[in-house]
Amino acid sequence: MSTGEDLLREHGLRVTKPRLAVLEVLTGGGHLEVDDIARQVRTRLDSVSTQAVYDVLGALSRAGLARRLEPAGSPARFEARVGDNHHHIVCRGCGEIADVDCAVGERPCLSPGSGHGFEVDEAEVTFWGLCPACQARRRAEATG
């Protein structure tokens with residue numbers, strides 16, 4: 001199993017304490033906003049600026065170690081799950097985000113109706129709806 005240092009080196013990045021700390025936070029899972037990542041990084045390091053966290057996230061994203069999500073109407077989120085062409089479902093009520101694996105089999109999500117000559121290697125699909133908690137809250141408000 002690769003360490004954070006190994007992953008950074010394998011992807012051509014210098015090993016720094018901020019990069020290691022951000023990578024550690026991301027590999028903890030979830031779809032995290034920059035402020036959440038910065039807060040967690042600060043528990044690992046004496047100090048780090050929010051701009052430094054943005055810079056690290058940019059480097060990790062360009063290197064393929066992090067993925068940036070930008071759900072409409074929400075701040076950017078970042079995750080460590082990369083390279084598997086998974087998608088996301090976002091709750092319109094509370095903003096919760098969950099992973100959705102790509103279709104099983106031939107992955108039709110990689111076959112657009114018209115590819116306009118592009119060689120497609122990834123698709124980004126965002127599903128929208130209400131999570132179970134928001135559905136229950138809506139039902140309670142409707143009957144209350």
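Coordinate-derived values only; no laboratory data. Worth saying up front: this structure is predicted, and the values here are computed from it rather than measured. Counting neighbours? That spans all protein chains shown, and the Cβs are built from the backbone with ideal geometry, glycine included.
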Query raised in the report: How far apart, in nm, are the 7 Å Cα→Cβ label points at Thr16 and Asp101?
Result: 3.7 nm
**Report entry** Whole-Å semi-axes of segment 4-69's equivalent ellipsoid (Cα gyration tensor)
**Finding:** 17, 13, 11
Report summary line: Toy charge model, Lys and Arg Cβ at +1, Asp and Glu Cβ at -1: the chain dipole around Cα centroid in debye, rounded to 20, equals 480 debye
Query raised in the report: Comparing Pro132, Pro71, Pro18, which has the greatest mean-square fluctuation in the GNM of the chain with Cα pairs linked when under 10 Å apart?
Result: Pro132
Report task. Let me have the 222 nm mean residue ellipticity of the chain computed from DSSP H runs of 4+ only, each contributing -39500 (n - 2.57), with the sum over all residues rounded to the nearest 500. Result -> -11500 deg cm²/dmol
Query raised in the report: So for the chain, taking the charge dipole from beta-carbon charges (+1 Lys/Arg, -1 Asp/Glu), which of Thr126, Val15, Ala140 sits furthest toward the positive end?
Result: Ala140
Query raised in the report: If you add up the charges near Leu32, with Lys and Arg at +1 and Asp and Glu at -1, over every other residue whose beta carbon is less than 10 angstrom from its beta carbon, what do you get?
Result: -2
Report task. Specify the residue with the greatest mean-square fluctuation among His31, His86, His116, computed from a Gaussian network of the chain linking alpha-carbon atoms under 10 Å apart. Result -> His116
